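The values are calculated or read from the model by the stated rules, or taken from the named source; none is laboratory data. Just so you know, these numbers come straight off a predicted model, no measurement behind them. For neighbour counting, all protein chains shown are included, and Cβ atoms are generated from backbone atoms with ideal geometry for every residue, glycine included.
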Amino acid sequence: MTARAPASATLGDRPSPRLRPGKLATPGDWLIQAEKLYAKHRVALGQVATNAHDEALYLLLRTLGLPLDSKPAVLRRKLTAEEQARVAEVFRRRTAGHVPAAYLTREAFLGEHRFHVDERVIIPRSYFLELLPEQIPQWLPANKPVRRAVDVCTGSGCLAILLAHQFPEAKVDASELSPDALAVARFNVATHRLAKRVKLFHSDVFDAVPAVKYDLILSNPPYVPTRELRDLPAEFKQEPAMALDGGRDGLDIIRKLLCQARDRLQPHGLVVLEVGGLRAAMDRAFPGLDLHWLHTEDGEDCVCLVQAARLINWRG
Ligand SMILES: C[S@@+](CC[C@H](N)C(=O)[O-])C[C@H]1O[C@@H](n2cnc3c(N)ncnc32)[C@H](O)[C@@H]1O
């Protein structure tokens, strides 16, 4: 699982105030202190932000109920005793307790889109945010708008919701095996006012999804090889194991998805899969598919695409 951009906390400047020993009177003092605590407790990043400063700033602003685009001056205001206690508790849980920031704030962002998250779902951090607007549409016929799309393994529903925003004429289906995650997805779909266009199915991959031919099948499935789960940092171990565990070689769900997708695609359709750094394993496991690897900010081994014609003739 790779790091995604943090929510848009835009206070760029590092705080000027020097920390007085034993005195954490302002948000700026706390920002300095938090970065020390992140280092001391070897906090794992990558779920909400890629660096301690950005994440601590985000947590500070949220904990104090301040807008994420606050002016730097807010770092200098005096905190009340109650605010200091609240901030101290949040950073204690985040650093000594290793609780992921998004589970503390109960929210996560993909770009401008905000989602409810809690311990029932993995924290959204998908490459599809950067790929959906430009790269993926280049592989779809210009004269055929996407009318049916599906997000397999939807978790919080975040990618199904992105699909619906990206393709306003599309009906979007989404499958998810965890009833807990499905409840979160239902909440997010309703909050985004998409209940009419996004349908959620309690399903093992496509098993319980009505037989529809899709223009676009997209998935960020579990793909961590089982033996690697125990080596994950504490923060990632707090995410549902079911969201990460891809079986012995990480490809269990992907194999099933690709087999089932053969009957689920329009002739011009596409399957796009986010598979972390599993490019070598995927190319080895599915040589006949001639997978195309899309360019992401982290390189070309994270997201692959296969066209319907390839998949339909595949004897996997
Ligand atoms: C890596 S998470 C991705 C969630 C979401 N799409 C995202 O990008 O944040 C994978 C999701 O697949 C679900 N899942 C695991 N096995 C599944 C299966 N056999 N069929 C459908 N969903 C499954 C997990 O519960 C988890 O919510």
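Annotations for the structure displayed:
- Condition check for residue 187: of a type in the set (Phe, Trp, Tyr), more than 23 Å from residue 251 (Cα to Cα), under 19 Å from the mean Cα position of the chain (by Cα) and in the same structural domain as residue 297 (by TED's automatic domain parsing): yes
So that you can scan it fast, the table gives a plain yes or no per residue for (1) closer than 22 Å to residue 156 by Cα; (2) in contact with a helix residue (DSSP H, G or I) (Cβ under 9 Å, 6 or more places away or on another chain); (3) within 11 Å of the ligand (Cβ to nearest atom):
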| residue | (1), (2), (3) |
| --- | --- |
| 238 | yes, yes, no |
| 241 | yes, yes, yes |
| 244 | yes, yes, yes |
| 249 | no, yes, no |
| 276 | yes, no, yes |
| 281 | no, no, no |
| 290 | no, yes, no |
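- Among (1) within 12 Å of the ligand (Cβ to nearest atom); (2) touching a Ser or Thr at 6+ places or on another chain (Cβ under 6 Å), the one test that residue 87 misses: (1)
- Of all residues making up the range 207-225, the number that are hydroxyl-bearing (Ser, Thr, Tyr) and within 13 Å of the ligand (Cβ to nearest atom): 2
- Tallying residues that are within 12 Å of the ligand (Cβ to nearest atom) and either more than 15 Å from residue 152 (Cβ to Cβ) or not in a loop (DSSP other than H, G, I, E, B) (or both) within the range 122-131 yields 6.
Yes or no, residue by residue, for (1) assigned by TED's automatic domain parsing to the domain that holds residue 236; (2) assigned to a helix (DSSP H, G or I); (3) farther than 19 Å from residue 113 by Cα; (4) touching a Leu at 6+ places or on another chain (Cβ under 8 Å):
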| position | (1), (2), (3), (4) |
| --- | --- |
| 44 | no, no, yes, no |
| 58 | no, yes, no, yes |
| 61 | no, yes, no, yes |
| 73 | no, yes, yes, no |
| 82 | no, yes, yes, no |
| 94 | no, yes, yes, yes |
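- Boolean, residue 217 is at pLDDT 95 or above, out of contact with any strand residue (DSSP E or B) (no Cβ under 6 Å at 6 or more places or on another chain), of a type in the set (A, V, I, L, M) and closer than 27 Å to residue 309 by Cβ: no
- Note on the range 132-154: residues that are away from the ligand (no atom under 16 Å from the Cβ) and crowded, with 22+ Cβ neighbours inside 10 Å total 1.
- Looking only at the range 150-173, and only at residues there that are among the small types (Gly, Ala, Ser) and in a loop (DSSP other than H, G, I, E, B), the one that is farthest from the chain's Cα centre (by Cα): 170
- The C-beta contact set for the range 289-308 (first residue in contact (Cβ under 8 Å) with a residue 60 or more places away in the chain and assigned by TED's automatic domain parsing to the domain that holds residue 126, second residue of a type in the set (D, E, K, R) and assigned to a loop (DSSP other than H, G, I, E, B), distance under 8 angstrom, 6+ apart or interchain) comprises 294/300.
- Taken together, 225, 233 contain a single residue that is closer than 30 Å to residue 101 by Cβ, without any contact (Cβ under 8 Å) to a residue 40 or more places away in the chain and not assigned by TED's automatic domain parsing to the domain that holds residue 95, which is 225.
- Per the conditions (1) within 16 Å of the ligand (Cβ to nearest atom); (2) closer than 27 Å to residue 213 by Cα; (3) part of a helix (DSSP H, G or I), the sole criterion not satisfied by residue 102 is (2).
- Here residue 118 fulfils each of the conditions (1) buried (at least 21 other Cβ atoms within 10 Å of the Cβ); (2) within 13 Å of the ligand (Cβ to nearest atom) apart from (1).
- Within the range 203-217, residues that are in contact (Cβ under 8 Å) with a residue 12 or more places away in the chain have Cβ atoms under 8 Å from residues that are basic (Lys, Arg) and surrounded by fewer than 13 Cβ atoms within 10 Å (Cβ to Cβ) in these pairs: 215/144, counting only partners at least 6 apart in sequence or on another chain.
- Complete set of residues in the range 254-277 that are farther than 20 Å from residue 170 by Cα and in contact (Cβ under 8 Å) with a residue 40 or more places away in the chain: 255, 256, 257, 258, 259, 260, 262, 274, 275, 276
- When 316, 269 are checked against the criterion of being out of contact with any His (no Cβ under 7 Å at 6 or more places or on another chain), at pLDDT below 95 and not polar (S, T, N, Q), 316 stands alone in meeting it.
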